[in-house]
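J.: Supplied in structure tokens, the structure appears directly below.
The values are calculated or read from the model by the stated rules, or taken from the named source; none is laboratory data. Everything quoted here is computed from the prediction, not taken from an experiment. A quick note on method: Cβ atoms are made from the backbone with ideal geometry, for glycine too, and the neighbour counts reach across all protein chains shown. For accessibility, only protein heavy atoms count, side chains too; no ligands or nucleic acids. Shrake-Rupley method; radii C 1.70, N 1.55, O 1.52, S 1.80 Å.
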Amino acid sequence: MSNPAPPEQLLTVLLAEYGQLKDEQAQRIGHRDNLVYATLTAAAATIVGVVQTHAAALLLALAPVCVLLGWTYLANDRMVTAIGRYLRDDLAPRLESFAGTGVLGWEHEHCGDTRRRQHKCFQLAANLLTFVLPGAAASTAGVVAGHPAWLVVAGAIVAFALLAVLAWQLVAHADLPPKPPCAPDRSATG
């Protein structure tokens with residue numbers, strides 16, 4: 001049997017865990033946000049390539065790029081959310097056992113905003129406009145502007161299927177709460 005760690009040592013470990021998780025969360029937020037710029041750059045490069053080569057079928061290449069970047073964005077956003085939830089629901093209560101009062105207040109406060117649902121709706125719209133719309137528009141334009149050979153049409157169908165899955169996942173992950181989901185219960189603190 002091992003002896004339990006002294007409280008000071010346990011507190012040090014918990015604070016180190018908090019620091020590591022906040023660092024990872026910050027890195028993931030930075031990476032996630034850069035994927036928006038990468039998607040806009042890919043859309044611009046695709047349009048320039050089509051204009052220069054007069055090959056409308058190249059527009060079909062944008063959809064898989066949007067799906068890949070959107071899926072990576074979504075994966076990072078899920079991890080950012082999971083880290084925040086872990087900090088609020090698991091680590092904060094353990095730290096409170098040392099402090100005797102509320103800790104990590106920001107982890108609760110920022111998601112207790114009364115306009116959280118509105119912000120989440122706007123974020124969902126921005127995600128759909130950034131990652132789904134360019135691929136769908138490019139696929140449609142690629143079929144309409146080009147000579148719709150069977151390969152182009154098949155590519156567009158696959159592109160729309162992938163974009164539909166991404167859109168569905170973005171909506172499912174949007175977490176549109178009817179009320180703030182993680183606001184601390186202030187009624188008990190008087």
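J.: Would you check if ALA138 is assigned to a helix (DSSP H, G or I), closer than 21 Å to THR46 by Cβ and aliphatic (A, V, I, L, M)? Break it down into steps so the answer makes sense when it comes.
T.: Working: assigned to a helix (DSSP H, G or I): yes; closer than 21 Å to THR46 by Cβ: yes; aliphatic (A, V, I, L, M): yes.
Taking the combined requirement at face value, the residue satisfies it.
J.: Quick one: in the stretch 108-127, which of the residues that are in a loop (DSSP other than H, G, I, E, B) and not polar (S, T, N, Q) is farthest from ASP89 (Cα to Cα)?
T.: The initial filter retains those residues of the stretch 108-127 that are in a loop (DSSP other than H, G, I, E, B), namely 113-115.
Still in the list and also not polar (S, T, N, Q): 113, 115.
Numbers: ASP113: 18, ARG115: 22 Å.
The extreme case among them is ARG115.
J.: Also, quick follow-up: Would you please list the contacts, defined by Cβ atoms under 9 Å and residues six or more apart or on different chains, that run from a residue in the stretch 89-118 that is free of Cβ contacts under 8 Å to residues at least 12 places away in the same chain and within 18 Å of THR12 (Cβ to Cβ) to a residue that is surrounded by 12 or more Cβ atoms within 10 Å (Cβ to Cβ) and charged (D, E, K, R)?
T.: Pairs that qualify, where the first residue is free of Cβ contacts under 8 Å to residues at least 12 places away in the same chain and within 18 Å of THR12 (Cβ to Cβ) and the partner is surrounded by 12 or more Cβ atoms within 10 Å (Cβ to Cβ) and charged (D, E, K, R), are VAL103/GLU96.
J.: Are any residues in the stretch 77-109 within 17 Å of GLN20 (Cβ to Cβ), open to solvent by less than 40 Å² (accessible area, probe 1.4 Å), at pLDDT 85 or above and of a type outside the set (Gly, Ala, Ser), and if so, which ones?
T.: Matches in the stretch 77-109: VAL80, ILE83, LEU87, ARG88, LEU91, LEU95.
J.: Here is a further query. Open to solvent by less than 50 Å² (accessible area, probe 1.4 Å), modelled with pLDDT of 80 or more and small (Gly, Ala, Ser): which single residue out of GLY146, GLY142 fits that description?
T.: Working: GLY146 fails: modelled with pLDDT of 80 or more.
Among GLY146, GLY142, only GLY142 is open to solvent by less than 50 Å² (accessible area, probe 1.4 Å), modelled with pLDDT of 80 or more and small (Gly, Ala, Ser).
J.: Now for a separate question. Identify, please: which residue in the stretch 149-166 is under 22 Å from the mean Cα position of the chain (by Cα) and surrounded by fewer than 21 Cβ atoms within 10 Å (Cβ to Cβ) and is, among those, nearest to ASP77 (Cα to Cα)? Explain how you work it out, then say what you get.
T.: Kept after step one, since they are under 22 Å from the mean Cα position of the chain (by Cα), are these residues of the stretch 149-166: 159-166.
Now drop any that are not surrounded by fewer than 21 Cβ atoms within 10 Å (Cβ to Cβ), which leaves 160-162, 164-165.
Values: PHE160: 23, ALA161: 22, LEU162: 19, ALA164: 19, VAL165: 17 Å.
Checking each candidate, the answer is VAL165.
J.: Among what's in the stretch 19-65 and is open to solvent by 90 Å² or more (accessible area, probe 1.4 Å) and among the aliphatic types (A, V, I, L, M), pick the residue that is farthest from ASP77 (Cα to Cα).
T.: Only one residue fits best here, namely VAL51.
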